[in-house]
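Reviewing the structure listed below.
The values are calculated or read from the model by the stated rules, or taken from the named source; none is laboratory data. Model, not experiment: these values are computed from the prediction. Glycine gets a Cβ as well: all are built from the backbone with ideal geometry, and neighbour counts include every protein chain shown.
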Amino acid sequence: MKKNSFMQGAFIATLGIVLSKILGIVYVIPFYAIIGEQGGALYGYGYSIYSIFLGISQAGIPLAISKIVSEYNVLGYYEAKRRTFKLGKKVLAMLGVISFVIMFIFAKPLALIIIGDIKGGNTVSDVTFVIRVISTAVLVVPFLSIYRGYLQGHKYITPTSISQVLEQIVRVSIIVGGSFLMLKVFKLSLTSAVGVAVFAATIGALSAYFYLFIKVKKNSKELEKETLKVVQPKITDQEIIRKIIIYAFPFVMIDVFKSLINSVDVFMLVKVLVNGLGYTAKEAEAIMSVISTWGQKINMIIASVATGLMVSLIPNLTASFVKKDMEDVSLKINQTLQWMLFFTIPMTFGLSILAKPVWTIFYGVSKFGPSVYKYYVFVALATTLFTASVTILQLLKEYKQVFICLLSGLLTNALFNIPLLYAFNAMKAPAYYGSTTSTILGYGVCSYLALRFIHKKYNISYEDTLKKVINIILITLAMVLVLVSVRYFIPFTSTNRLFNILYIILYTIIGLFVYFTLMFKTKLVYNIFGTNYVNKIVGKLKKK
């Protein structure tokens, strides 16, 4: 195994996550064809609850382990580092079992909260069954995550990226193959097919866990190498556990609050659309399936950029903060924001314009799909900024402020969700845009409060980043203007998948050409990534 620098780690982690997310998107084409919109809504119900309990069962410990391992490595406290890894596994075992038991026993009350007494769609027993099946994953995923955190803390990013791709390959194979066998071969119920699909999370996690377990075993000498000779202070198990809890708590808040912000729609949208705004249960669940399942699958490509950057940022920013090198802390924070927005802003606008052909390729013709998704895609952009800003705040050990930001975001979404549904409906706009707007506002409030606090307390200036982001937006708008103009000559009229693939290829080539031409003409790409790094990449591409 080879250690990775901040930029290398960010690139490798992002590449691995993007590849796994691409696999997670490609499979939805056959999966959607097999289970349809009602099955997608059921799948989304189960995963929404699972996400909340996964956050609880992991309790942020894997990321805390990455942070503590990096910290102890920098200080040369190797014996304490080894005990941190062992103690983390014990704590996770206990939390995983508790979360599994709660999910399994209280599956029915949770199902009742989600769908209430609506008729004509999925039943309470359907949702209960799916929640119980997916509860098995919380017994496995935390252990997988802690091995990833341990390796990332040592700045070994490549093995964790490979494990993510492996996990996704196994998971996708079971989802598609299993659901097809249940429905088409064995002629069982839709609920059985979705049950197999959610159980794939457990099997995929097991395969990735064994890969990393073997990797750590084989490279134990390298991982335990002691390069610094320092007098290690006596650090008790109690102190380590206390540190794990202190570091982990903000991470669990980030995961749980993020799941809660997303779950506001799950708990409110269907019931309001059916009982208050005159939608049928079938229409409401079709809209819900876009937000909870199908749209999120496409959004994962955008969100993966932020996730990859965070994987590399955690050990690197922690090391700089431990050394009290605030100049480097400021540099890494601004680099992270600039790199992330450089990719995610044009991706978001591009997907919004291409919502109809993208949706047609993945899911076929849909009454609500393209309409819901062309606006819902902006949730992905809001999520990336939220993930980056709150994680940075947590790494600076501002735990109280993390809680304030997360709670503010959740309350904003919860308070505005229903009023905005009715407001958009009154304006003769699609009512469900109100729910998406509420979610974006929730993430936006959280991100703003986090970045403002960092600026005030640590004197971190965003002036340069703000100028670059404004230029990114202007260049993106120029790209959008060109693509909208192209639509007058080449409109999205075909429902044929092949033609829609051609639309996307053509528009992507034009969009990329406009975006990167303007980026190089204005020298913005050099200002963001550095002249040497850009020239190195360009040189490699020219050789090919």
Seminar exercise, completed: residue 188 meets each of (1) free of Cβ contacts under 8 Å to residues at least 24 places away in the same chain; (2) part of a helix (DSSP H, G or I) with one exception, condition (2)
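Looking only at region 161-182, filter to residues that are among the β-branched types (Val, Ile, Thr) and more than 16 Å from the chain's Cα centre (by Cα); which one of those is nearest to residue 147 (Cα to Cα)?
Of region 161-182, the ones among the β-branched types (Val, Ile, Thr) are 162, 165, 169-170, 172, 174-176.
Next, only the ones that are more than 16 Å from the chain's Cα centre (by Cα) stay: 162, 169-170, 172, 174-176.
Details: 162: 13, 169: 19, 170: 19, 172: 22, 174: 23, 175: 25, 176: 28 Å.
Once the filter is applied, the top-ranked residue is 162.
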For this session: Please find, within region 86-141, the residue that is surrounded by the most Cβ atoms within 10 Å (Cβ to Cβ) out of those that are part of a loop (DSSP other than H, G, I, E, B) and among the aliphatic types (A, V, I, L, M).
Result: 140
For this session: Only residues that are among the polar types (S, T, N, Q), closer than 30 Å to residue 392 by Cβ and in contact with a Ser or Thr (Cβ under 9 Å, 6 or more places away or on another chain): list them for region 462-496, please.
Result: 471, 476
Exercise. Among 471, 459, which is at pLDDT 95 or above and of a type outside the set (Val, Ile, Thr)?
Worked result: 471
For this session: Hey, can you tell me all the residues within region 247-301 that are among the β-branched types (Val, Ile, Thr) and not in a helix (DSSP H, G or I)?
Result: 280
Exercise. Just wondering, is there one or more residues in region 451-473 that are at negative phi and under 21 Å from the mean Cα position of the chain (by Cα)?
Worked result: yes
For this session: Evaluate the following for residue 366: is it free of Cβ contacts under 8 Å to residues at least 40 places away in the same chain and either among the small types (Gly, Ala, Ser) or part of a loop (DSSP other than H, G, I, E, B) (or both)?
Result: no
Seminar exercise, completed: Result of the Cβ filter at 8 Å on region 100-126, keeping first residues that are closer than 17 Å to residue 56 by Cβ and partners that are modelled with pLDDT under 90 and of a type in the set (A, V, I, L, M), at least 6 apart or interchain, is 103/49; 110/49
Seminar exercise, completed: Subset of region 424-455, residues more than 16 Å from residue 265 (Cβ to Cβ) and of a type in the set (A, V, I, L, M), comes to 426, 427, 429, 445, 449, 450, 451, 454
Exercise. Can you name the residue in region 232-244 that is in contact (Cβ under 8 Å) with a residue 12 or more places away in the chain and not acidic (Asp, Glu) and, of all such residues, is surrounded by the most Cβ atoms within 10 Å (Cβ to Cβ)?
Worked result: 244
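Take the conditions at positive phi and buried (at least 23 other Cβ atoms within 10 Å of the Cβ) and apply them to residue 36. Does it pass? Break it down stepwise before answering.
Values: at positive phi: yes; buried (at least 23 other Cβ atoms within 10 Å of the Cβ): no.
No.
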Seminar exercise, completed: For region 375-428, the count of residues that are surrounded by fewer than 19 Cβ atoms within 10 Å (Cβ to Cβ), without any contact (Cβ under 8 Å) to a residue 60 or more places away in the chain and either part of a helix (DSSP H, G or I) or acidic (Asp, Glu) (or both) equals 8
For this session: Could you please tell me which pairs satisfy a Cβ distance under 9 Å, a separation of 6+ or placement on different chains, a first residue in region 483-494 that is touching a residue at least 24 places away in the same chain (Cβ under 8 Å), and a second residue that is among the charged types (D, E, K, R)?
Result: 492/356
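Okay, residues lined up against (1) assigned to a helix (DSSP H, G or I); (2) over 30 Å from residue 120 (Cα atoms); (3) out of contact with any Asp or Glu (no Cβ under 9 Å at 6 or more places or on another chain); (4) among the β-branched types (Val, Ile, Thr):
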position	(1), (2), (3), (4)
46	yes, no, yes, no
51	yes, no, no, no
55	yes, yes, no, no
69	yes, yes, yes, yes
Exercise. What are the residues in region 354-372 that are surrounded by fewer than 21 Cβ atoms within 10 Å (Cβ to Cβ) and either among the aliphatic types (A, V, I, L, M) or in contact with a Gly (Cβ under 8 Å, 6 or more places away or on another chain) (or both), if any?
Worked result: 361, 365
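Would you call residue 385 touching a Lys or Arg at 6+ places or on another chain (Cβ under 9 Å) and not basic (Lys, Arg)? Spell out how you get there, then give the answer.
Values: touching a Lys or Arg at 6+ places or on another chain (Cβ under 9 Å): no; not basic (Lys, Arg): yes.
Answer is no for this residue.
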For this session: Would you please name the residue that is surrounded by the most Cβ atoms within 10 Å (Cβ to Cβ), looking only at residues in region 151-202 that are touching a Phe, Trp or Tyr at 6+ places or on another chain (Cβ under 7 Å) and of a type outside the set (Val, Ile, Thr)?
Result: 197
